[in-house]
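Peer 1: Here it is, the structure in full.
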Amino acid sequence: MISEISEKSLRNIIDDDVELFLFEEVDSTNDFAADLVKNKNIGTAVVIAKSQTSGRGTRGRSFYSPKGSGLYMSVKIDTDKFLNEIFPPTPAAAVSVIKSIKKSAGLLAGIKWVNDIQIEGKKVCGILAESKTDINTGMVTLIVGIGININTSFPEQLSDIASSLSDFTDTIDVNRLAGEIVNTLVRYVRNNRPDEYMDDYRKYCVTLGKQVKFRFNNETISGVAVDVTDGGHLVVDTKSGVFTVNSGDVTTVL
Ligand code: BTN
């Protein structure tokens, strides 16, 4: 059985100090959460929608968000820190998703560095982390968008690379999935301690040990991914030495 998203069930699971906004449809939960930042009366919050008309992915891509088949959510987390004091939230979000999928659907997923969650080599979830800085105080609010394919049917051209949790199990507690992600992620971000989740990130990261290609000084260099730093960078061992690269540099993860 795949449970329906319900305000009552979500409210039972999500920690009391996190506000909940639940919608049938929005343009993008990340955009809605970004608008909430202007309202100083709203603190840490989660925005959940059953569909999005303009779901956004990384690198300006769109995120396929059809009605009634996915979980589209953005967690808005206020911090009391400057941007350079905060560890990037994507690895924390990825580990939160992996643990919550295990608890709510009994599935073991993996992380394709840096922000894709996969099962059997197909993407079931993407993460889009953004930030807003208060111009008066310099304090940062993080907006971590997470889109999970629950029982999405994909068009032909996507079916080789994308999949849904329902392709691997009949039993998914969607409210528990969302609630556990929120609680775990908020805790990780507030604590701001990568030692709480980076060992798990490395353990679940399917990219480690694989051949990758990245751009450096207008050249394409290939090597083996050997580590992920606490800041979320990929460490690649190549013939020309060891490189630490960010997600924008990597062209192919094979
Ligand atoms: C990616 O895979 O490139 C990231 C996808 C992130 C999608 C989620 S769905 C909820 C939130 N709202 C958005 O517009 N995007 C994120």
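The values are calculated or read from the model by the stated rules, or taken from the named source; none is laboratory data. Remember, predicted model here, so these are calculated numbers, not experimental data. Note that we place each Cβ from the backbone using ideal geometry, even for glycine, and neighbour counts take in every protein chain shown. Calculation scope for accessible area: heavy atoms of the full protein, side chains included, ligands and nucleic acids excluded. Shrake-Rupley method; radii C 1.70, N 1.55, O 1.52, S 1.80 Å.
Peer 1: Can you grab the distance from the C-alpha centre of region 233-254 to the C-alpha centre of region 159-191, Å, no decimals?
Peer 2: Result: 28 Å between the Cα centres.
Peer 1: A further question on this structure: Given a 1.4 Å probe and heavy atoms of the protein chains only, how would you sort Leu71, Leu108, largest accessible area at the top?
Peer 2: Result, largest first: Leu108, Leu71.
Peer 1: Identify the residues of region 224-246 with backbone N under 19 Å of a label point that sits 7 angstrom from the Cα of Lys213 along the Cα-to-Cβ direction, or state none.
Peer 2: Residues passing the 19 Å test: 224-226, 234-241, 243-246.
Peer 1: Moving on to the next point. What is the sum of charges around Lys67, taking Lys and Arg as +1, Asp and Glu as -1, for the other residues whose C-beta is under 9 Å from the C-beta of Lys67?
Peer 2: -1
Peer 1: Averaged across orientations, what area in nm² does the convex hull of the alpha carbons in the chain project? Can you show the working numbers first?
Peer 2: Details: hull surface 55.2 nm².
In nm², the orientation-averaged hull projection of the chain is 13.8.
Peer 1: Just order 204-213, 27-36, 143-152 by mean Cβ neighbour count inside 10 Å, highest at the front, would you?
Peer 2: Numbers: 204-213: 17.4, 27-36: 20.8, 143-152: 24.5.
Listed from highest to lowest mean packing, they are 143-152, 27-36, 204-213.
Peer 1: Now a separate question. Would you list which lysines come within 22 Å of Lys239, measuring only between C-alpha atoms, while excluding same-chain residues fewer than 8 positions from it?
Peer 2: Lys210, Lys213
Peer 1: About its Cα centre, how strong a charge dipole does region 211-253 have in debye, to the nearest 20, once Lys and Arg get +1 and Asp and Glu get -1 at the Cβ?
Peer 2: 180 debye
Peer 1: Further question on the same structure: Under 24 Å Cα to Cα from Lys8, which lysines show up? Leave out anything in the same chain fewer than 8 places away.
Peer 2: Cα-Cα hits under 24 Å: Lys50, Lys67, Lys76, Lys99, Lys102, Lys103.
Peer 1: Dipole size in debye (nearest 20) for region 7-204 around its Cα centre, Lys and Arg Cβ +1, Asp and Glu Cβ -1?
Peer 2: 220 debye
Peer 1: What number comes out for accessible area per residue over the chain if the probe is 1.4 Å? Units Å², please. If you can, show how the numbers build up before the last one.
Peer 2: Details: 12210 Å² over 254 residues.
Per residue, the chain has an accessible area of 48 Å².
Peer 1: Now for a different question. Roughly speaking, to the nearest percent, how much of region 7-204's 1.4 Å accessible area is carbon and sulfur? List each step's numbers first, then the result.
Peer 2: Details: 4150 of 9020 Å².
C and S atoms contribute 46 percent here.
Peer 1: What are the ³J(HN,Hα) couplings of region 170-179, residue after residue, when phi is run through the Karplus curve with 6.51, -1.76, 1.60 and θ = phi - 60°? Round to Hz, x for glycine and proline.
Peer 2: 9, 10, 9, 8, 5, 5, 5, 4, 5, x
Peer 1: Antiparallel versus total DSSP beta bridges in the chain: what percent is that, nearest 5?
Peer 2: Values: 50 of 60 bridges.
So the antiparallel bridges in the chain amount to around 85 percent.
Peer 1: Right, next: Normalising by the residue count of the chain, find the relative contact order in percent from Cα pairs under 8 Å and 6+ residues apart.
Peer 2: Computed over the chain, the figure is 19 percent.
Peer 1: Given a Förster distance of 22 Å, report the FRET efficiency between Ser222 and Ile86 from their Cβ-Cβ distance, rounded to the nearest 0.05. Walk me through the numbers on the way to the answer.
Peer 2: Numbers: r = 32 Å, r/R0 = 1.44.
After rounding, the FRET efficiency stands at 0.10.
Peer 1: On the accessible surface of region 211-253, probed at 1.4 Å, how many percent belong to carbon and sulfur atoms? Mind dumping the intermediate values first?
Peer 2: Values: 1020 of 2380 Å².
With neighbouring chains kept in place, the figure for region 211-253 is 43 percent.
Peer 1: For Lys203, list the aspartates and glutamates whose Cα falls under 19 Å from its own Cα; do not include residues on the same chain fewer than 8 positions away.
Peer 2: Asp116, Glu120, Asp195, Asp227, Asp230, Asp237
Peer 1: Shifting gears a bit: Given the peptides 56-64, 95-103, 169-177, arrange them by the average over their residues of other C-beta atoms within 10 Å, most packed first.
Peer 2: Highest-to-lowest ranking by the protection proxy: 95-103, 169-177, 56-64.
Peer 1: At 0.36 nm per residue, minus the direct Cα-Cα distance, what do Asn191 and Thr171 gain on full extension? Give it in nm, one decimal, please.
Peer 2: The Asn191-Thr171 span can extend by a further 4.0 nm.
Peer 1: Say the dipole of the chain comes from +1 at the beta carbon of Lys and Arg and -1 at that of Asp and Glu; which of Ile5, Trp113, Ala92 then lies farthest toward its positive end?
Peer 2: Value: Trp113.
Peer 1: If I model a spin label at Ile13 and Arg61 as a point 7 Å from the Cα along the Cα→Cβ vector, what separation in nanometres do I get?
Peer 2: 2.6 nm
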